[in-house]
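Single-structure report; data block below.
The values are calculated or read from the model by the stated rules, or taken from the named source; none is laboratory data. Owing to the predicted nature of the structure, the values given are computational and were not obtained by experimental measurement. Ideal geometry is used to build each Cβ from the backbone, glycine not excepted, and the neighbour counts take in all protein chains shown. Note: areas computed on protein heavy atoms with side chains; ligands, DNA, RNA excluded. Shrake-Rupley method; radii C 1.70, N 1.55, O 1.52, S 1.80 Å.
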Amino acid sequence: MLGLAVVLFAVFAATTGYVVAGDATAHIDRPLHDWVLGRRAEPLTTAATVITHIGGSVVMWTLALLACAILLKRGAQADLLLVAGVGAASAMLVPAAKQLIGRARPPVAGHLVEVSSPAFPSGHSVGSAAIVGVLATLFCMRTAHRVAGVIVAALAATFIVAVGLSRVYLGVHWPTDVFAGWTLGALLIAVGVLIRTRADGPDPAEQPVTSAGSGTDTTVVWSARR
């Protein structure tokens, strides 16, 4: 998990540097932006509008708070802290990054929904990746059914991608805003899981067990994984 977090941080940092340098807009963003806007049509526009509202802060925060309430009722404090921590981190980092980078959004003429904050990174992309992603991660960590875990992970990934693409389709974000948002959301989950794992300490099932035989030296055996 540490290696994944390092890779995600490096990708996010590289994307941010590419955007700040001004190369992303001309080389990647504007061509893709123009290509997408030239292919707008119903019912895609309606679908993108619905998806973008579902992936907005109101729905995502409601989902996070509901999940935290359920976890609190079940006494799953570690899971609750993971969800709350990832959600809170995304809520603080996104506006800070937007103000720090101060990237302008695509031309207003192409907007199909109202926006007011700077573009980078996409808040919808970060929020949906962080909240839906961390809940899917918890499910996969807890379930004993591999097929169910794969299905949940696939559904979560599909939703996260759809939310990000809807922001580009609606003309309010550059593609690199969305990519950076996905990367930052995944990074927050990786860091959260890493912190939780370190806080939990070594798995008792992996601790050494000593046994002493009659007339023999004590031998150390390792218990099998659960």
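Computed over segment 6-85, the P(r) curve from all C-alpha pair distances, binned at 10 Å from the origin, holds 15, 21, 30, 25, 10, 0 percent per bin.
When each full DSSP H helix of the chain is screened for a Cα extent of at least 20 Å along its own axis and an average Kyte-Doolittle hydropathy of at least 0.0, the helices passing are 2-20, 57-74, 77-101, 123-142, 146-169, 175-200. Using only side-chain charges placed at the Cβ, +1 for Lys and Arg and -1 for Asp and Glu, the dipole size of the chain relative to its Cα centre rounds to 280 debye. Considering all C-alpha pairs of segment 56-141, those separated by over 17 Å amount to 52%.
With Rh defined as the Kirkwood radius, the inverse of the mean 1/r over Cα pairs, the Rg/Rh of the chain is 1.11.
Summing Cβ point charges (Lys, Arg +1; Asp, Glu -1) relative to the Cα centre of segment 4-131 gives a dipole of roughly 160 debye.
Shown is the FRET efficiency for THR197 and ALA10, computed with R0 = 25 Å from the Cβ-Cβ distance and rounded to the nearest 0.05: 0.75. For the chain, the relative contact order comes to 29 percent (Cα pairs under 8 Å, sequence separation of at least 6). With a simple spin-label model that places each label point 7 Å from the Cα along the Cα-to-Cβ direction, the separation between HIS27 and LYS73 comes to 5.1 nm. The simple Förster model, with R0 at 25 Å and r as the Cβ-Cβ distance, assigns LEU66 and ALA157 a FRET efficiency of 0.75. Taking 18 Å as the cut-off, the amide N atoms of segment 162-176 that come nearer than this to a point 7 Å along the Cα-to-beta-carbon line of VAL59 belong to 162-173. Distance between the pseudo-spin-label points of GLU42 and VAL113 (7 Å out from Cα toward the beta carbon): 1.9 nm.
Computed over protein heavy atoms with a 1.4 Å probe, the carbon and sulfur contribution to the accessible area of the chain reaches 69%. A dipole drawn for the chain from +1 and -1 charges on Cβ atoms has a positive end, and of ALA91, LEU80, PHE179 the residue lying farthest that way is LEU80.
Tell me which of HIS53, THR15, LEU138 sits at the most positive position along the dipole axis of the chain, charges placed on C-beta atoms (Lys, Arg +1; Asp, Glu -1). Among HIS53, THR15, LEU138, the one farthest towards the positive end of the dipole of the chain is HIS53. For the chain, the solvent-accessible area with a 1.4 angstrom probe is 56 square angstrom per residue.
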